[in-house]
1. Can you tell me the accessible area per residue over the range 1-152, all protein chains present, probe 1.4 angstrom, in square angstrom?
2. What ranking, highest mean first, results for peptides 248-255, 84-91, 202-209 when packing means the other Cβ atoms within 10 Å averaged over each residue?
3. Once amide H atoms are placed 1.01 Å from N in the peptide plane, what residues at a sequence separation of 5 or more from V10, or on another chain, have their amide H within under 5 Å of its amide H?
4. Mean residue ellipticity at 222 nm from the helices of the chain, using -39,500 (n - 2.57) per DSSP H segment of n ≥ 4 over the full residue count, to the nearest 500 deg cm²/dmol?
5. Could you state the angle between the C-alpha long axis of helix 20-36 and the longest principal axis of the C-alpha atoms of the chain, as a value from 0 to 90 degrees rounded to the nearest 10?
6. Compute the Cα gyration tensor for the range 1-54, then decide on rounded, prolate or oblate, letting a ≥ b ≥ c be the square roots of its eigenvalues: rounded whenever a/c is under 1.5, prolate when a/b is larger than b/c in the other cases, and oblate in all that remain.
7. Which of K4/K30; K54/K213; K142/K298; K198/K235; K235/K298; K151/K213 have a Cα-Cα distance over 18 Å?
8. Leaving out ligands, DNA and RNA, what percent of the accessible area of the range 174-328 is carbon and sulfur, probe 1.4 Å?
Amino acid sequence: MSAKPILYIVVPCYNEEAVLPVTAPMFLEKLDALCASGRVSASSRVLFVNDGSKDATWPMISDMAKRDGRVLGVSLSRNRGHQNAVLAGLMEAMDRCDITISIDCDGQDDLNAMDAMVDAYLDGCEVVYGVRSRRDTDTWFKRATAEGFYKFMNSLGAEVVYNHADYRLVSSLVLRHFADFGEVNIFLRGMFPLVGFKSTCVYYERAERLAGKSHYPLRKMLALAVNGITSLSVKPISVITGVGVGFSLLGLAASLWAVVKVLMGQTVHGWASLFCIVCLLGGIQLISLGVIGQYVGKTYLESKRRPRYIVAERTWEPARRRWIEEDE
Ligand code: UDP
Ligand code: MG
């Protein structure tokens with residue numbers, strides 16, 4: 001092993017043909033700067049993960065890999081979502097390097113934070129979380145929902161670093177332990193704190209996307225939030241149990257009151273209150289069933305133990321179906 005750590009920058013890409021030509025040179029430039037400053041080994045690489053893009057993303061990546069030895073690429077067999085794409089990249093990188101930094105490919109995260117991340121690693125940290133110090137460039141709505149989500153997660157007892165997305169340095173030591181977390185329902189930013197080891201945060205300002213558009217509309221953000229909560233916490237089930245007990249006690253009191261009323265011969269009105277109670281309880285029961293259903297559904301998905309992603313191609317392996325290319 002070389003005296004300096006080998007760094008792999010892992011970049012998930014989904015339909016990013018607009019932004020890749022802008023940001024790929026930036027990643028390479030940063031990699032060179034990190035090598036030149038003596039922080040990381042010259043064998044460091046940028047690893048792009050093509051998450052089943054439908055545009056020219058993968059041809060672009062494989063082309064770059066052919067022209068530039070510092071670029072590697074893997075292509076997943078289909079779109080599996082951001083979290084699985086990052087996981088695929090980390091698992092591919094794990095045995096080839098000492099440290100990984102995962103970062104989105106849209107240029108929103110400040111590359112200069114990597115210096116401080118690597119320094120923190122050299123100081124003994126195994127995980128370094130990139131944390132946004134400001135969210136001015138996000139819309140008001142995205143900011144409010146995202147911040148509400150972090151607060152909600154922490155109140156449910158799931159440890160999530162505030163304002164940290166998936167810009168993070170993780171050492172291969174931590175990744176090897178992380179590989180034992182076999183769950184299908186993954187929420188990386190909440191799972192790395194569970195692995196433990198010494199960690200710290202590095203703060204940076206988040207910029208606008210350099211090109212293309214976000215793949216995280218409200219629908220996907222909600223799905224990520226539900227996934228995060230159900231993957232990290234079972235507290236909602238206890239909350240439901242608590243609410244159930246509370247309402248049962250109230251119901252008991254109401255029944256006693258009703259018996260007293262009957263005995264006093266004042267029964268006919270009260271239709272309205274009964275109606276309200278039935279509606280209220282019906283609603284609560286349905287919500288509770290829904291929450292429990294979420295966990296049952298997740299258990300079902302986990303029990304199948306399907307692969308989280310399938311790597312279809314790697315730029316460092318000979319292309320399959322080479323005879324087709326040769327015929328052309
Ligand atoms: N991404 C991915 N698979 C997906 C959706 C997104 O690999 O199904 C990648 C995308 O290319 C980008 C990163 O995940 O590098 C973050 O996506 P995006 O910038 O659209 O999300 P936002 O920053 O708006 O939350
Ligand atoms: Mg983005």
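The values are calculated or read from the model by the stated rules, or taken from the named source; none is laboratory data. These numbers were taken from a predicted model, which means no experiment stands behind them. All Cβ positions, glycine included, derive from the backbone under ideal geometry; neighbour counts span all protein chains shown. Keep in mind that these areas ignore ligands, DNA and RNA; they rest on the heavy atoms of the full protein, side chains included. Shrake-Rupley method; radii C 1.70, N 1.55, O 1.52, S 1.80 Å.
1. Per-residue accessible area for the range 1-152 comes out at 39 Å².
2. On the way: 248-255: 11.2, 84-91: 23.8, 202-209: 16.6.
The most tightly packed comes first, giving 84-91, 202-209, 248-255.
3. Correct list: L47, I101, S102, I103.
4. My calculation for the chain gives -16500 deg cm²/dmol from helical runs alone.
5. 70
6. Verdict is oblate for the range 1-54.
7. K142/K298; K198/K235; K151/K213
8. Values: 7140 of 10730 Å².
C and S fraction of accessible area: 67 percent.
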